[in-house]
Amino acid sequence: MFTRKKLHGRILTILSLIALPYTVWAAAGEVQVTVDNLNVRSGPGLNEPVVTTVAKDTVLPVLAEEDNWVQVKLPNGNTGWLASWLTRALPPKTAVNQVTSQVQNLNVRSGPSTTFPVMAAINPDRSYPLVQKSGQWYQIQLPGGQKGWVAGWLVKETAGETQGASAAASPSPAPVQPPASVPVNQGSTSAGDTITLHHDPYVYPEPDATVPAIGQLSQGQTVTKLAQRDGWIQIDYQGVPAWIPQETGTGSTVTPTPAPPSGQEQSEPAGSAPQQARPADSSSRTTATVSGSGVNLRSQPTTQSERLATLALGTSLEVLQKQGDWYQVKTPDGKVGWIAGWLIDVQEAAVPEQAYVTVLNPDTNLRSGPGTSYDIVGRVQAGERYPIVKREDDWFQIRLPDGTTGYIAGWLVNADGTANVVRGNELVGKVIVVDPGHGGDDNGATGSSFSTLEKNVNLQVALLLKNKLEAAGATVIMTRSDDRKLTLQNRVDIAVNNKADIFVSIHHNTHPNALTNGSIVFYYNQGKSSTLASYVQAELVKATNYKDLSSRFGNYFVLRENPVVSILAEIAFLSNYQDEIRARSSKQQDLAAEGIFKGILRYFAAQK
């Protein structure tokens, strides 16, 4: 029974809410709870009484918003208030678009990058519902309820019927294919003319196809020409001066066809392995020989999956990738599938010349053979660099200055000249808090050249990272998934309350000197936090080609006051012209997310 004082307080609260502007009450949309047993309070504040709790992933309609709180309608018809930083806003209901492959046997992967294994293949004869997009990757709904990811530049997107928000796709330009050539309309043009594109040219920040692309245009689009020189046309690209290759009068292109930005596939037919597992030089490919008779080739790396073929003793195979004790292989007749590692003899790939490893941690063990069961024959230190003799599974044999050799775990080094060791199941069961810095009326840094708001690019990279982490088995909790303001303590509390394994804060930098550029990953505590920072730093700069400014100590609240293993990644400088124009590119954002993802993956591999 309420006391008179409490009843009086409730009446005042109701009256004050009635007096709120219509726009507050007219809040639309839904939110999804991101933590388990989230408290529902009678009012918008931590001091208000708890009236009930709701389970993780519950979707509730929003009635109103106040500060960092949302009022929702509960399943029983009652209303209550939730801390908005423990929910994520769902997009409004919209049309579910359809995706159709533009090539035969297009790989469907378990996550949004070539890092993830192939789970199926699709063909142009059927369309699939689009679930969501992550950079240049599209998640589609497969028959039987499975979901998978396809390369967006190899599919066509068409409008579909209106359905609920959970299946809706966010609007974005239609996907495009990497061009075989980059023609524009023929004939002489002058500044200010409109050009209609005849293909899908990549867009560059300067007239140089060797620098990373910042975007791509589609056939049929029109652009305004700003200038022309040396086989390039300058155009207005989303408010930014940029360059595309020019077609000559004969129809040939002046500049060579650009490859997609680093980390993406030129084409992705079924059975092709991730790029890092498929060296161009056939002499450096890993091969295997079937060591038993009647060995099954299966569709997935399990003994329960569909049998694709039966292989005879001695059959030669090309190894595409490894997952646990299973290998994805290609048979002499072109079939691609999985085979148990204990039924084949693997001949490891030759390591290219001039390949090195850089040691990431102090006192790293050097062993007599490729495994932790072998004797320790020495120790090497962080920052030391050694040439690679050969690779065996996840181990590198390296040569020391005195000519002797030893084996070092591939997940404890950064490889140069050959693929890094990235394990695929290290994130299963891990809780990771991803924190897009700033938000709401806190814009963070503002770009010097194009007025880019840091809060926006932070969130874009963070959402791409979330998709990659979840696809690898992690539980991801966002401190914010839309444009809202949180206190620094809110951000730390989310990590602590959810017993996170790591906390990753995403930022972009600024500096008074416009020439300063590059990536820095900060940590506060030595040990696991500094180790995580070193892995993420190495993979971030490798994926993006931003300048390597090294991981380093940073006295930031979300690191200093955080008992969870924590890092803060400053991806690029918005005060630098080149960094800012690249940070605005969805492709570059996806590469940044990919680099951070791989660094996290390697950190957890090293912890084992």
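We did not get these values from a lab; they are worked out from the coordinates using the rules stated. Predicted, not measured: the structure shown is a model, and the values here were computed from it. When we count neighbours, we look across all protein chains shown, and the Cβ atoms used for this are built from the backbone with ideal geometry, even at glycine.
What order do you get for 460-469, 364-373 when each peptide is scored by the mean count of other beta carbon atoms within 10 Å, highest first?
460-469, 364-373
Can you list the HN-Hα couplings for segment 473-481, worked out from phi with the Karplus curve (6.51, -1.76, 1.60; θ = phi - 60°), rounded to whole Hz and with x for Gly and Pro?
Result, rounded to whole Hz: x, 7, 8, 10, 10, 8, 5, 8, 10.
Sort 54-62, 81-89, 531-539 for me by packing, meaning the mean count of neighbouring Cβ atoms within 10 Å per residue, highest on top.
531-539, 81-89, 54-62
Using packing as a proxy for protection, rank 590-600, 132-142, 545-555 so that the peptide with the highest average count of other Cβ atoms within 10 Å comes first.
Ranking the peptides 590-600, 132-142, 545-555 by packing returns 590-600, 132-142, 545-555.
Taking 0.36 nm per residue of separation and subtracting the Cα-Cα distance, what length does fully extending residue 230 through residue 313 add?
Full extension from residue 230 to residue 313 adds 24.0 nm.
Counting only the backbone N, which residues of segment 48-70 are under 12 Å from the spot 7 Å out from the Cα of residue 487 toward its beta-carbon?
68
Using a Förster distance of 35 angstrom, determine the FRET efficiency expected from the C-beta separation of residue 36 and residue 377, and round it to 0.05.
0.15
Given R₀ = 30 Å, FRET efficiency for residue 123-residue 470 by Cβ-Cβ distance, to 0.05?
0.65
Take residue 302, project a point 7 Å from its Cα along the Cβ direction, then tell me which residues of segment 430-471 have their backbone nitrogen under 20 Å from it.
So the set is 430, 470-471.
What's the extension gain from residue 390 to residue 53 if we count 0.36 nm per residue and subtract their Cα-Cα distance?
Contour length minus the Cα-Cα distance gives 115.7 nm.
In whole Hz, with x marking every Gly and Pro, tabulate ³J(HN,Hα) for segment 425-439 from phi via Karplus 6.51 cos²θ - 1.76 cosθ + 1.60, θ = phi - 60°.
My calculation for segment 425-439 gives 10, 6, 9, 4, x, 7, 9, 10, 9, 10, 10, x, x, 6, x Hz in order.
Quick one: plug the Kirkwood hydrodynamic radius of segment 356-416 (C-alpha pairs) into Stokes-Einstein at 37 °C, 0.692 mPa s, and report D in µm²/s.
The Stokes-Einstein estimate is 297 µm²/s.
Please list 3J(HN,Hα) in residue order for segment 398-409, calculated via the Karplus relation 6.51 cos²θ - 1.76 cosθ + 1.60 where θ = phi - 60°; whole Hz, with x for glycine and proline.
10, 9, 8, x, 7, x, 6, 10, x, 10, 10, 5
Is any residue of segment 34-67 close enough, with backbone N under 16 Å, to a label point placed 7 angstrom from the Cα of residue 499 along the Cα-Cβ axis, and if so, which?
35-38, 56
So which of 322/468; 73/455; 485/598; 156/598; 56/587 end up more than 21 Å apart by C-alpha?
In this structure, 73/455; 485/598; 156/598; 56/587 exceed 21 Å between Cα atoms.
Multiplying the sequence separation of residue 333 and residue 526 by 0.36 nm and subtracting their Cα-Cα distance, what value in nm do you get?
Gain in length upon complete extension: 64.2 nm.
Quick one: which residues, 5+ away or cross-chain, put their amide H under 5 Å from the amide H of residue 508? H built at 1.01 Å from N.
Amide H neighbours of residue 508, under 5 Å, 5+ apart: 571.
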